[in-house]
Amino acid sequence: MSYVDEVLERVKTKNASEPEFLQAVDEVLESLRPVIEANEEKYRKEALLERLTEPDRQFKFRVPWVDDNGQVQVNTGYRVQFNNAIGPYKGGLRLHPSVNIGIIKFLGFEQIFKNSLTGLPIGGGKGGSDFDPKGKSDREVMAFCQSFMTELCKYIGADVDVPAGDIGTGAREIGYMFGQYKKIRGTYEGVLTGKGLSYGGSLARTEATGYGLLYMTEELLKCNNSNIAGKTIAVSGAGNVAIYAIQKAQQLGAKPVTCSDSTGWIYDPEGIDVELLKEVKEVKRARLTEYAAARPSAEYHEGRGVWSVKCDVALPCATQNELHLEDAKQLVANGCIAVCEGANMPTTEEATKYLQDNKVLFVPGKAANAGGVATSALEMSQNSERLSWSFEEVDAKLKDIMVNIYHNIDDAAKRYGQEGNYVAGANIAGFEKVADAMLAQGVC
Ligand code: NDP
């Protein structure tokens, strides 16, 4: 049996109840086959893949807090420190009722390769809780965040593990968590990223994932004899990534016509009004029905459906496994030429394969959404220097990083005879650096 198959079997047996984690490991190891096969004996002897698929450590803890009725509530908190071969653990905190250890492990595993692709010295980690900030008062969110950080602060630090935002964790939550860390540990350090500008945050971090996604899409199209200007774009999600993807797409001359949230979606043939979307989602924290009510050109539909709209480019920016095989078929039938993932693993394995088989340019999230974590690493640099860079400076670095990632994944795919397969390219390019560092550091 090949080394990859041996390890896949072992991972399946050990983690049988974690489907998202198994999906992520399967996708990565399958595309690493040519690299592993070229070094099979060495890697097997070093148990490199066993070490790569087993987190360095994982924490699971109780998060008790008191709601506005005086009732004690209990959530579960997680932090998975997956791999620090190339730098301190880095990865977001997801607050969503669907969070469980398998989801956190899938995200932490993906984060290893994404962080490596940025070219910056950051390892992979992820955390979160099954707490749902939706519908909670500010005081309840603060109570949760303080309790969560009271435990988490034992395991993190500016040179150890630096969490960030993710679904459900925005500037408000990061602020409450930072305040609690400072209070308990008594140190003022860059232990979290995504901070407010008045206390160590970086300009352009809010925009970074969405903007970075568009810099990647622009370079992808340019290098494949096309151009972003004038393209019709379908976007899913209406959160941080989606909003700034829509904004940058418009700045580059494209027309985003859809967005969605967990209850429905918008088709706006005139192009999404990004200021209105920000008002509805960032300020009022309301449903998309409010967008439709304020915008005569927009249609609101309940449920899923953004991928049924005719588009040139699709940017899934909501959550994992939100673009299914039937959606991929519809996109191809409608003439879509490129799919770039803003969210983490939003496209199912079958849908990815269908898109690739039908010659749709497909860039996976670990490359296409790496602008967020890259800018978080720039925030860490600014905190260490005790300096703040201008918006233009950060944005220019972000653009350089995204263009470099595109060329690195393109080159890696070509080196292994898989030109145009950016999934393989991203996994290979991300893996090579981490593998080198792990082998150099001995058995640990
Ligand atoms: P937000 O919480 O800001 O927004 C998430 C959006 O997706 C919301 O519109 C939400 O709807 C929708 N959504 C969430 N869960 C579901 C679901 N189960 N079904 C349908 N829609 C859903 O998160 P972000 O924009 O920050 O993150 C989006 C994705 O991008 C995630 O996969 C995240 O891991 C990834 N990512 C984020 C980065 C960042 O910098 N923010 C960096 C890299 C990756 P509703 O409004 O109803 O809640």
Which whole-number percent gives the relative contact order of the chain, counting Cα pairs below 8 Å spaced six or more residues apart? 15
Explain nothing, just the number: dipole magnitude of region 1-126 about its Cα centre with +1 on each Lys and Arg Cβ and -1 on each Asp and Glu Cβ, in debye rounded to the nearest 20. 480
Out of Thr258, Thr13, Thr206, any idea which swings most in a Gaussian network model of the chain, alpha carbons joined below 10 Å? Thr13
Over the Cα atoms, compute the radius of gyration (one decimal) and Dmax (the largest Cα-Cα distance, rounded to a whole number) for region 55-189, in Å. 14.3, 48
Translational diffusion of region 206-368, µm² s⁻¹ [Kirkwood Rh, Cα pairs; Stokes-Einstein; 25 °C; 0.890 mPa s]: 161
FRET efficiency, Val160 to Asn69 (Cβ-Cβ, R0 45 Å, nearest 0.05): 0.75
Solvent-accessible heavy-atom area per residue, rounded to whole Å², over the chain at 1.4 Å: 39
Computed label-point distance, nm, for sites His407 and Ser384 using a 7 Å Cα→Cβ extension: 2.4
Can you tell me the length gained on complete extension of the stretch Lys14 to Asn334, counting 0.36 nm per residue apart and subtracting the Cα distance? 111.0 nm
Carbon plus sulfur, as percent of the 1.4 Å-probe accessible area of region 55-94, comes to 40
Nitroxide proxy distance, nm - points 7 Å out along Cα→Cβ at Asp357 and Cys223: 2.6
Please identify, among Asn427, Asn115, Asn39, the residue showing maximal mean-square fluctuation in a Gaussian network model of the chain using a 10 angstrom Cα cutoff. Asn39
If region 1-127 were replaced by its equivalent ellipsoid, with semi-axes equal to the square roots of 5 times the Cα gyration tensor eigenvalues, what would those be, largest first, whole Å? 32, 16, 11
Surface share of carbon and sulfur [accessible, 1.4 angstrom probe, percent] for region 206-368: 48
Per the rule of 0.36 nm per residue minus the C-alpha distance, extending Asn321 to Glu50 adds in nm 95.0 nm
Over the Cα atoms of region 1-54, how large are the radius of gyration and the largest Cα-Cα distance (Dmax), in Å? 10.6, 32
Ellipsoid semi-axes in whole angstrom, largest first, where each is sqrt(5λ) of the Cα gyration tensor of the chain: 30, 29, 21
For region 1-54, which whole percent of the accessible surface, found with a 1.4 angstrom probe, sits on carbon and sulfur atoms? 49
Highest to lowest packing among 340-352, 289-301, 126-138, scored as the average C-beta count within 10 Å: 340-352, 126-138, 289-301
Span-like helix ranges in the chain, DSSP H, alpha carbon extent 18 angstrom or more, Kyte mean at least 1.6: none
So if I take the centroid of the Cα atoms in region 321-400 and the same for region 1-50, what is the distance between those two points in Å? 24
Measuring from label point to label point, each 7 Å out along Cα→Cβ, what is the Glu299 to Asp5 span in nm? 4.9
Given the convex hull over the Cα atoms of region 154-283, what projected area results after averaging over all orientations, in nm²? 9.8
In whole percent, what relative contact order does region 361-420 give with Cα contacts below 8 Å and a gap of six or more residues? 38
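The values are calculated or read from the model by the stated rules, or taken from the named source; none is laboratory data. All figures in this text were calculated on a predicted structure; none of them were measured in a lab. In this analysis, Cβ positions are derived from the backbone assuming ideal geometry, glycine residues included, and neighbour counts consider all displayed protein chains. The area values use the complete protein model at the heavy-atom level, side chains included, leaving out ligands, DNA and RNA. Shrake-Rupley method; radii C 1.70, N 1.55, O 1.52, S 1.80 Å.
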